[in-house]
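Below: the structure, in structure tokens.
The values are calculated or read from the model by the stated rules, or taken from the named source; none is laboratory data. This structure is a prediction, so every number in the text was calculated from the model and none was measured. Virtual Cβ from ideal backbone geometry, glycine too; neighbours counted across all protein chains shown.
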Amino acid sequence: MCRRRKHKEELELLKEKLRASGSKFGLPAVSVEELNEQIQKLECKQTQTTLPIDEEKRVIVQTKRLKKSRDSLHGHDFQIEQDQGARAELIDLIKKDNQELNNLKTQQERQCLILANNYEKESTIALDISTLEQERNEAYEQ
């Protein structure tokens, strides 16, 4: 039971972690592909057009910022995949524990039936013993 509770707690922590991840932590609400497109557009603009120095500096800074965001988003996506894998493993462990628990419950039910049968047999034997004792006492009295 303790293992099962532990697995469920770990699963809840992973769920919270997955819910909390995303744009709240400074990650853009776009995909890696969209960031790649924006980076490519800025790089094309920088290489194919003549820009004033201020504009070129701004494009370079923006490109660096987008690359950093892309790397961060890629790492975040990787972490989400790992967390989902861990979540799947925990769900499998919980299912396995539930199956084991169900098996133990059925085994316990069988043992209870055997015990009840043994008590029933014992009570009939106890009745037989008292009957035999009476017969013995009657035989001694005669």
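Looking across the range 79-117 at every residue that is of a type in the set (A, V, I, L, M) and over 17 Å from Glu12 (Cα atoms), the one that is surrounded by the most Cβ atoms within 10 Å (Cβ to Cβ) is identified as Leu101.
Residue by residue, here is whether (1) within 32 Å of the chain's Cα centre (by Cα); (2) in a helix (DSSP H, G or I); (3) among the hydrophobic types (A, V, I, L, M, F, W, C) holds:
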position: Gln62; (1), (2), (3): no, yes, no
position: Leu73; (1), (2), (3): yes, yes, yes
position: Glu89; (1), (2), (3): yes, yes, no
position: Leu93; (1), (2), (3): yes, yes, yes
position: Asn117; (1), (2), (3): no, yes, no
position: Leu127; (1), (2), (3): no, yes, yes
position: Ala139; (1), (2), (3): no, yes, yes
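In the range 8-38, the residue that is surrounded by the most Cβ atoms within 10 Å (Cβ to Cβ) out of those that are within 19 Å of Phe78 (Cβ to Cβ) and at pLDDT 70 or above is Leu35.
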